[in-house]
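Colleague: Below is the structure I would like to discuss, written out as structure tokens.
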Ligand SMILES: [Ca+2]
Ligand SMILES: [Ca+2]
């Protein structure tokens, strides 16, 4: 797939760094392009990392962005800039550009941290089985590489109740499930952008998904209520958070 923005001299590749115990993809991208426009003064290179739930290698509406994955921009092997994927699973860098010359020698390196769930790359590969750089979308004065991953996302089940019988647990017949409460999962220490956000249902529960193994769960309670949550990990790895609440 070629966009009108590029007319010649383009090559791109991605490569997994193999040999890891678990499939935590590291993807490197390289752009070598000859853009046509003479107006822009920078060229944008980025990644869009997402959960490819249906494993078709493409982003489909509703497929979850994967946040807080580290992306490095390298030029001739040296790190120029780095940052994390945002709420849309995107990290885009601007590189200097005179609007005419080729963009050469840039790479994007993408890694997941130790506490990220295991994922498998589902995008296009070359005949050696390595991910290729064919999977990108052109944007004005730039391109964004799609990084589709099929991940073993962590499920977090949340239950919130007014603990009427005061035994520190929900699900007793007299307890009152609390519905309509916002619940969010956060990457520890990053409380501005939730990994997932839901609202408790009529039975006081919500199911969150996370691309990290130990998300922080936040429940917004009514002002006159308070509670201390209890976290359980079930045998299948599912995490459950029970929040028995006392209200004035
Ligand atoms: Ca898909
Ligand atoms: Ca109770």
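Colleague: Tell me which strands (runs of 3 or more DSSP E) are completely within segment 83-172 and hold 3 or more residues being over 30 Å from residue 245 (Cβ atoms) and either away from ligand 1 (no atom under 16 Å from the Cβ) or at pLDDT below 90 (or both), or say none if there are none. Explain how you work it out, then say what you get.
Modeller: Numbers: elements: 90-96, 103-111, 119-121, 136-139, 142-151, 154-162.
Because the criterion is at least 3 residues that are over 30 Å from residue 245 (Cβ atoms) and either away from ligand 1 (no atom under 16 Å from the Cβ) or at pLDDT below 90 (or both), the strands (runs of 3 or more DSSP E) in segment 83-172 that meet it are 90-96, 103-111, 119-121, 136-139, 142-151.
Colleague: Still on this model: Considering only segment 134-170, how many residues are under 29 Å from the mean Cα position of the chain (by Cα) and free of Cβ contacts under 8 Å to residues at least 60 places away in the same chain? Quick ask: steps written out before the conclusion?
Modeller: So in segment 134-170, the residues under 29 Å from the mean Cα position of the chain (by Cα) come out as 134-160.
From the residues that got through so far, the ones that are free of Cβ contacts under 8 Å to residues at least 60 places away in the same chain too are 152.
Adding up the residues that qualify gives 1.
Colleague: With respect to residue 33, is the statement that it is over 22 Å from the mean Cα position of the chain (by Cα), modelled with pLDDT under 85, more than 16 Å from ligand 2 (Cβ to nearest atom) and in a strand (DSSP E or B) true? Walk me through how you get there before you give the answer.
Modeller: Values: over 22 Å from the mean Cα position of the chain (by Cα): yes; modelled with pLDDT under 85: yes; more than 16 Å from ligand 2 (Cβ to nearest atom): yes; in a strand (DSSP E or B): yes.
When the stated conditions are applied, residue 33 passes them.
Colleague: With respect to residue 228, determine if the residue is surrounded by 13 or more Cβ atoms within 10 Å (Cβ to Cβ) and under 28 Å from residue 173 (Cα atoms). Reasoning before the result, please.
Modeller: Values: surrounded by 13 or more Cβ atoms within 10 Å (Cβ to Cβ): no; under 28 Å from residue 173 (Cα atoms): yes.
Against the criterion (surrounded by 13 or more Cβ atoms within 10 Å (Cβ to Cβ) and under 28 Å from residue 173 (Cα atoms)), residue 228 does not qualify.
Colleague: How about segment 173-201: which of its residues are in contact with a strand residue (DSSP E or B) (Cβ under 7 Å, 6 or more places away or on another chain) and in a loop (DSSP other than H, G, I, E, B)? Lay out the reasoning, then the answer.
Modeller: Step one: filter segment 173-201 for residues in contact with a strand residue (DSSP E or B) (Cβ under 7 Å, 6 or more places away or on another chain), giving 175-178, 180-188, 194-200.
Answer for segment 173-201, where residues must be in contact with a strand residue (DSSP E or B) (Cβ under 7 Å, 6 or more places away or on another chain) and in a loop (DSSP other than H, G, I, E, B): 175, 178, 180, 181, 188, 194, 195, 200.
Colleague: Restricting attention to segment 46-69, does a residue exist that is out of contact with any strand residue (DSSP E or B) (no Cβ under 8 Å at 6 or more places or on another chain), at pLDDT 85 or above, within 16 Å of ligand 1 (Cβ to nearest atom) and within 17 Å of residue 118 (Cα to Cα)?
Modeller: yes
Colleague: Would you be able to say whether some residue in segment 171-191 is under 21 Å from residue 52 (Cβ atoms), surrounded by 15 or more Cβ atoms within 10 Å (Cβ to Cβ) and within 19 Å of the chain's Cα centre (by Cα)? Lay out the reasoning, then the answer.
Modeller: Kept after step one, since they are under 21 Å from residue 52 (Cβ atoms), are these residues of segment 171-191: 185, 187.
Then keep just the ones that are surrounded by 15 or more Cβ atoms within 10 Å (Cβ to Cβ); that gives 185, 187.
Checking which are within 19 Å of the chain's Cα centre (by Cα) leaves us with 185, 187.
Yes.
Colleague: Taking segment 205-248, which residues are under 19 Å from residue 67 (Cβ atoms) and assigned to a loop (DSSP other than H, G, I, E, B)?
Modeller: The answer is 211, 213, 214, 215.
The values are calculated or read from the model by the stated rules, or taken from the named source; none is laboratory data. These numbers come from a predicted model, not from an experiment. Note: ideal-geometry Cβ built from the backbone for every residue, glycine included; neighbour counts use all protein chains shown.
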